[in-house]
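Laboratory data are not the source of any read-out in this text; all were calculated from the coordinates shown. The shown structure was predicted, so the numbers you read here are calculated from the model rather than taken from an experiment. Here Cβ is always computed from backbone atoms with ideal geometry, including for glycine, and neighbour counts include all displayed protein chains.
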Amino acid sequence: MPLTPLFDPKRAGRPMRVAAFMSGSGTNILKLIELEKHLKAKEGHSPFQVVFVFSDRSDGACLGEKIALERGIPYISHDIRAFHKIRGVKRTAVTPEGLSCRKAYDKVAERVVKAFDVDVIALAGYMSYITIGRCVNVHPADLSVLTPDGRRKYVGDHAVLDAISAGEQVLRSSTIWTDEGVDTGPLLMVSEPLKVELPEPLESLLENHERLATVAEDHQRRLKETGDWKIFPRTIEMIARGRFALDERSRVHVDGLPVPDGYRE
């Protein structure tokens, strides 16, 4: 069965060019840039290069400009809230008008991606739905866990809360090669487990939503450290080395072997 690498370093003849898209503190981007620097020091070069940072907001809540300028990386911001407000369309609207507006917004980012000859977009805490292809995203759940009808069980913004509420004993992060759905793209990598530690029985937590939400937020913060920060840059590195590929049915392979439940180290 023919396989298509997500990136072919031999064919490209150069390091993989990565655009880092972010919306907030940018910790995942920092880990990615740290790995690039580490590989340069260890091997004399890195198989990937972060060529610019893009943010979908221009207020102080996003640290993209600070991160980029301190490291000599080009920075571009394009405020999605202002873009939608001018057009009178809610940013979260799941309507034909909302999707059309999002595609129009993405045209600007897409032109920048083409201008920088980008191979892969790294969605590092990027909170906007994106209609551009060739993106890697990290999600705070084990996306190999399915419902009885075969759908991914823990998707969306409340994945950690949903997993804890369902009685899961461990949490994991996942990286995916995005498609047009929400958390539905081919599963690339799954992190080591983080044990769920509850301050009181789950039954009582389920009766106190505010307390449960606090517990979920704490677990998501710790999962970012033990999961996201490890597998997100590692996934980008493996793509850059030509290790990830898709078959004709978009099933993921690593080093030529299928990994239906995500690659785990």
Express in nm, to one decimal, how much length is gained between K10 and K114 on full extension, taking 0.36 nm for each residue of separation and deducting their alpha carbon distance. 35.4 nm
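Just to be sure I follow the rule: in segment 111-265, considering lysines 8 or more places apart or on different chains, how many pairs have Cα atoms under 25 Å apart? Walk me through the intermediate numbers first.
Details: K153/K195; K153/K224; K153/K230; K195/K224; K195/K230.
For segment 111-265, qualifying lysine pairs total 5.
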Extension reserve of the D218-R151 stretch, reckoned as 0.36 nm per residue once the Cα distance is removed: 21.5 nm
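Using just the helices of the chain, give the 222 nm mean residue ellipticity in deg cm²/dmol: DSSP H runs with n ≥ 4 each add -39,500 (n - 2.57), and the total is spread over all residues, rounded to 500. Write down the numbers at each step before the final one.
Working: 9 runs with 94 residues, N = 265.
That comes out to -10500 deg cm²/dmol.
Which of the peptides 48-61, 101-114 is most tightly packed, and how do the rest follow, going by the mean number of other Cβ atoms within 10 Å of each residue?
Numbers: 48-61: 18.9, 101-114: 16.4.
Order by mean packing, descending: 48-61, 101-114.
Cα-Cα pairs above 16 Å in segment 174-265: how many percent? Walk me through the numbers on the way to the answer.
Details: 2609 of 4186 pairs.
Value for segment 174-265: 62 percent of Cα pairs lie more than 16 Å apart.
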Binning at 10 Å from 0, report for segment 105-216 what percent of all alpha-carbon pair distances ends up in each bin. 13, 38, 28, 15, 5, 0
Averaging the inverse of every distinct alpha carbon separation and then flipping it gives the Kirkwood radius. What is it for segment 51-166, in angstrom units? 16.2
Hey, can you rank 10-18, 213-221, 136-144 by average C-beta count inside 10 Å, highest first? 136-144, 213-221, 10-18
Given Cα pairs under 8 Å that are at least 6 residues apart, what percent is the relative contact order of segment 22-63? 63
Contact order relative to length for segment 1-152, counting C-alpha pairs under 8 Å separated by 6 or more residues, stands in percent at 27
Relative contact order of the chain (C-alpha contacts under 8 Å, at least 6 apart) in percent is 22
I need the P(r) histogram for the chain: all alpha carbon pairs, bin width 5 Å from 0 out to the longest distance, whole percents. 1, 6, 12, 16, 18, 17, 14, 10, 5, 2, 0, 0
